[in-house]
Amino acid sequence: MAYFKSGDTVEKNSRKWACNLPSSIHTKRRDLPRVDCLTSFTRLPQKRHILGRYHMLLDEDKLKATRLQRICQELSDLWGKFSFPTLSQQAINARLTKLILLYEKNQRRPKKDFLNGMQSIFDITKVDGVWLCREDRALYYKQVESGGKVGYTTHKPAPQSSIHPSKRQRHAPISNEQFANTSYMESESGALDDNVSSETGDSSDESSNMESDSGTLGDNISSETEDSSDEPEPVTRKKSSATYQATKLVSCQNLSTNKASKVCASIAEEGVILPTPTQSGVWRGVIRLAEKKKDEIKSLLTQEKDYCLHFDGKRLVKQEYQVLCLKSAARDIRLGVVRCKSGSSKDIYDALEKVIDEYDAWSSIKMIICDTTSVNTGRLNGVVARI
């Protein structure tokens, strides 16, 4: 006979289970403030603010991953309002998870060190990133040194001279007052030239009057130039640096693009006149060099027709690779290394055919050299028979 509980027992158990559910009311601590939203902050938040927001979200969502995701998004929006460069979302999530784990561990075994560290700032700033202006960096260091108690964000625009050159406008806009001043200067200078040409034979009194007029005009021009000097000058885009030497280091000395860029920068610091391109610039230079080399090989194959095709396979980490090269009595041309879908003769032939079609080298091949495996030398479906 089945055991049935009465309605009163079921209701009593449901109330007990509801009381045992996690809630921010039961998990509330006096050392945690009530934080409704992190985006409304005007200073960098402390660790206790993050934990307070974490417990406030417990009423809305019981899932821990969802709460961490919401806090992560609010922190990203807050740092965007500050105009501070931030870490990646993965790094922010990792720091949040570590803080929550330390807090839960401290709840079981309280320590004074953790409680003292609650007043420190929860920082997700990428200090080595790109800052928009010097004022943002000064605001960041001021808040870090004071623990988030000094300094706050405003909506006041930064001056043009403090903004990073890559973020400035290419040409500074000309106001209507500047345009009127320049037109007035041009008209006055034209009138002055006419007076000088017409009054060359007049008396000394008239010449002295003309000199006084020109002196006042020169004062006006100098004052206007001083006012215009306060305006920011148009910023020109930085010219791209040459990558020939860096690409030679990559192609001849077997250096990576990052190391080649660092080598050029270190040599330039010693006083040697040498371009210092970035890693991305060296990479683009290597790509251009490879395309140029490919065109040279194509033109060479159209002139010379007696080549021998060598190909050999190697299996690395459960993946089949084939090495192709063309040899003649005069030179050795390495076409490349291709990755095959499998080690079957069909997949190997498809990979070889793609490379040979790319260089248009079918008419230049007079002989084939390969291993005498069944995949290569099969009578019907071997790679040689397919070629």
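The values are calculated or read from the model by the stated rules, or taken from the named source; none is laboratory data. Because the structure is a prediction, the values reported are computed rather than measured. Here the Cβ is made from the backbone with ideal geometry for all residues, glycine too, and neighbour counts use every protein chain on show. For accessibility, only protein heavy atoms count, side chains too; no ligands or nucleic acids. Shrake-Rupley method; radii C 1.70, N 1.55, O 1.52, S 1.80 Å.
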Residue tally, condition in a helix (DSSP H, G or I), surrounded by 12 or more Cβ atoms within 10 Å (Cβ to Cβ) and among the polar types (S, T, N, Q), over the range 67-101: 6
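Listed here are the residues, each with its yes/no results for (1) open to solvent by 60 Å² or more (accessible area, probe 1.4 Å); (2) within 18 Å of Ser251 (Cβ to Cβ); (3) not basic (Lys, Arg).
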residue: Lys262; (1), (2), (3): yes, yes, no
residue: Ala265; (1), (2), (3): no, no, yes
residue: Pro275; (1), (2), (3): no, yes, yes
residue: Trp283; (1), (2), (3): yes, yes, yes
residue: Lys292; (1), (2), (3): yes, yes, no
residue: Glu296; (1), (2), (3): yes, yes, yes
residue: Leu300; (1), (2), (3): no, yes, yes
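So that you can scan it fast, the table gives a plain yes or no per residue for (1) in contact with a Lys or Arg (Cβ under 6 Å, 6 or more places away or on another chain); (2) under 30 Å from Thr243 (Cβ atoms); (3) among the hydrophobic types (A, V, I, L, M, F, W, C):
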| site | (1), (2), (3) |
| --- | --- |
| Thr276 | no, yes, no |
| Trp283 | no, yes, yes |
| Arg288 | no, yes, no |
| Leu309 | no, no, yes |
| Lys318 | no, no, no |
| Val323 | no, yes, yes |
| Ile333 | no, yes, yes |
| Gly336 | no, yes, no |
| Asp350 | no, no, no |
Lone unmet requirement of (1) modelled with pLDDT under 85; (2) part of a helix (DSSP H, G or I) for Ala242: (2)
Selection status of Gln46, touching a residue at least 60 places away in the same chain (Cβ under 8 Å) and surrounded by 13 or more Cβ atoms within 10 Å (Cβ to Cβ): yes
Residue within the range 157-179 that is at pLDDT below 80, of a type outside the set (Lys, Arg) and within 30 Å of Gly52 (Cα to Cα) present: no
Enumeration of residues in the range 362-387 that are in contact with a Phe, Trp or Tyr (Cβ under 7 Å, 6 or more places away or on another chain) and buried (at least 17 other Cβ atoms within 10 Å of the Cβ): Ser364, Cys370, Val383
The range 102-122 - residue that is open to solvent by 40 Å² or more (accessible area, probe 1.4 Å) and outside any helix (DSSP H, G or I) and, of those, nearest to Gly80 (Cα to Cα): Ser120
